[in-house]
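The values are calculated or read from the model by the stated rules, or taken from the named source; none is laboratory data. The structure presented is a predicted model; accordingly, all values stated were derived computationally and were not measured. Note: ideal-geometry Cβ built from the backbone for every residue, glycine included; neighbour counts use all protein chains shown.
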């Protein structure tokens, strides 16, 4: 049983990394098309520890994405990430590149709108 969990865990980590890489590629394409986005990169250090996988630079500051490889994982963690201002994007083999890009645009646009409204309120 223990061996099965270890193998499953390694597979899950590899699946998660593949999802992050695919999302990063799609995010770079999205950022190139958005006039208010200036850059995109993989999170590092403390950002990663906080649950951020992808950082997008924009006219309102950094926008953050957490990548999940399953809808179940996204549902379980969504509230925790959204409390921190991090949007969750599901990336797996059943979702087309267009669907992933569409989810990225929606996540970034929502974060940007929230930041703009916060700036106007202050």
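Does residue 27 meet the test of being under 16 Å from residue 104 (Cα atoms), under 12 Å from the mean Cα position of the chain (by Cα) and free of Cβ contacts under 8 Å to residues at least 24 places away in the same chain?
No: the conditions fail for residue 27.
Residue-wise test of (1) closer than 15 Å to residue 25 by Cβ; (2) loosely packed, with under 12 Cβ neighbours inside 10 Å; (3) free of Cβ contacts under 8 Å to residues at least 24 places away in the same chain.
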position	(1), (2), (3)
42	yes, no, yes
47	no, no, yes
58	no, no, no
70	no, no, yes
105	yes, no, no
112	no, no, no
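Need the failing condition index for residue 37 against (1) modelled with pLDDT of 95 or more; (2) surrounded by 13 or more Cβ atoms within 10 Å (Cβ to Cβ); (3) closer than 19 Å to residue 16 by Cα, just the number.
The failed condition is (3).
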